[in-house]
Amino acid sequence: MNASQSSSPIPTVVLIHGLGRTRRSMWVVGLWLKVCGYRVKSIGYPSHRVSIADAVQKHLNPALERLEIAADSQVHFVTHSLGGIVFRAWAAQRDPAFPLGRAVLLAPPNQGSQIIDELGQWRWVRWLRGPVSAELGTDAGSTPNTLGPLPPETGVIMGNKDTLPVFRRLLGAESDGVVTIASSHAEGEADYTLLPTNHATIILQPAVFRAVHRFLQTGSFKES
């Protein structure tokens, strides 16, 4: 990791996308953060073809090592869905010297996915979703449930609009259409907020962007 000197370093935000998406899916939130004055780095990984551990070791770690981080600066993270679990897996084994700042997880399956519980046994689902389909259940041994508490100063933003009736029988009334509200919680969360959006469009909503910016600045989603 290289370090650059600056009298007033620009804070860096790293973006990590979700399952079945690419870093382009985080383009709008990245543009918002750039307008807010952040230096933005969006990191991609082939979510259909790698395990969570491989996403960390082969994609996230090398990209972070290439970052030029100014002295006395911190690196924040904003993630979507599976990206939040990739971030947690990285944070659980990160170098303590890494200047980790705050993190905001959008719609994370922090306690696993009921959809994977129900459908993960099907071969076509495993083929469609890749190795992570075996890791994202709600059982105690699943990857999300073995990562321990969230890193300090990590907040969660969750949607409460269920716009996918096909999964309603599995998820119940309180979900964003893909992840249940209960499953998005995790031990150690610094703050948590529900906003009127769904799993897919949470990364496109100005209200979400404003909440992200508030948390990165203050460590809270509350408006002053």
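The values are calculated or read from the model by the stated rules, or taken from the named source; none is laboratory data. Predicted model, so just to flag it, every value in this text is computed and none were measured. Please note: Cβ atoms are built from the backbone with ideal geometry, for glycine as well, and neighbour counts cover all protein chains shown.
A few notes on this one:
- Among the residues of region 193-217, those that are under 18 Å from I16 (Cα atoms) and buried (at least 22 other Cβ atoms within 10 Å of the Cβ) comprise H199, I202, I203, V208, A211, V212, F215, L216.
- Boolean, A211 is under 28 Å from S51 (Cα atoms) and not hydroxyl-bearing (S, T, Y): no
- Among residues of region 197-221 that are within 15 Å of A107 (Cβ to Cβ), those with a Cβ under 6 angstrom from a residue that is of a type in the set (D, E), sequence gap 6+ or separate chain, pair up as N198/D176; H199/D176; F221/D191.
- Some residue of region 36-48 being hydrophobic (A, V, I, L, M, F, W, C), over 18 Å from the mean Cα position of the chain (by Cα) and under 19 Å from L216 (Cα atoms): yes
- Residue among F209, F221, F215 that alone is modelled with pLDDT of 95 or more, of a type in the set (F, W, Y) and part of a loop (DSSP other than H, G, I, E, B): F221
- Candidates A55, A107, A89 - the one that is aliphatic (A, V, I, L, M), touching a helix residue (DSSP H, G or I) at 6+ places or on another chain (Cβ under 6 Å), on the phi > 0 side of the Ramachandran plot and touching a residue at least 24 places away in the same chain (Cβ under 8 Å): A107
- Selection count where residues are in contact (Cβ under 8 Å) with a residue 60 or more places away in the chain and either closer than 14 Å to G84 by Cα or within 15 Å of the chain's Cα centre (by Cα) (or both), scope region 22-35: 3
Every residue, every condition in (1) buried (at least 23 other Cβ atoms within 10 Å of the Cβ); (2) at pLDDT 95 or above; (3) closer than 20 Å to I202 by Cα, yes or no:
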position: S42; (1), (2), (3): no, yes, yes
position: R49; (1), (2), (3): no, no, no
position: A53; (1), (2), (3): no, yes, no
position: Q57; (1), (2), (3): no, yes, no
position: E68; (1), (2), (3): no, no, no
position: V75; (1), (2), (3): no, yes, no
position: T79; (1), (2), (3): yes, yes, yes
position: I85; (1), (2), (3): yes, yes, yes
position: W90; (1), (2), (3): yes, yes, no
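- If you go through region 170-197 and pick out every residue that is of a type in the set (V, I, T) and either farther than 16 Å from L82 by Cα or in contact with a Ser or Thr (Cβ under 7 Å, 6 or more places away or on another chain) (or both), you end up with 4.
- Some residue of region 65-87 being in a helix (DSSP H, G or I), of a type outside the set (A, V, I, L, M) and over 14 Å from the mean Cα position of the chain (by Cα): yes
- T154 passes every criterion in (1) on the phi > 0 side of the Ramachandran plot; (2) buried (at least 16 other Cβ atoms within 10 Å of the Cβ) apart from (1).
- On inspection, L100 qualifies as closer than 18 Å to V13 by Cα and at pLDDT 90 or above.
- The residues on offer are S73, S42, S47, and the sole one that is closer than 27 Å to T143 by Cα, touching a residue at least 60 places away in the same chain (Cβ under 8 Å) and hydroxyl-bearing (S, T, Y) is S47.
- Residue within region 126-135 that is part of a loop (DSSP other than H, G, I, E, B) and in contact (Cβ under 8 Å) with a residue 12 or more places away in the chain present: yes
- Within the set S175, S184, S224, the sole residue that is free of Cβ contacts under 8 Å to residues at least 40 places away in the same chain and buried (at least 23 other Cβ atoms within 10 Å of the Cβ) turns out to be S175.
- Test: residue in region 131-140 that is in contact with a Gly (Cβ under 9 Å, 6 or more places away or on another chain) and surrounded by fewer than 16 Cβ atoms within 10 Å (Cβ to Cβ): yes
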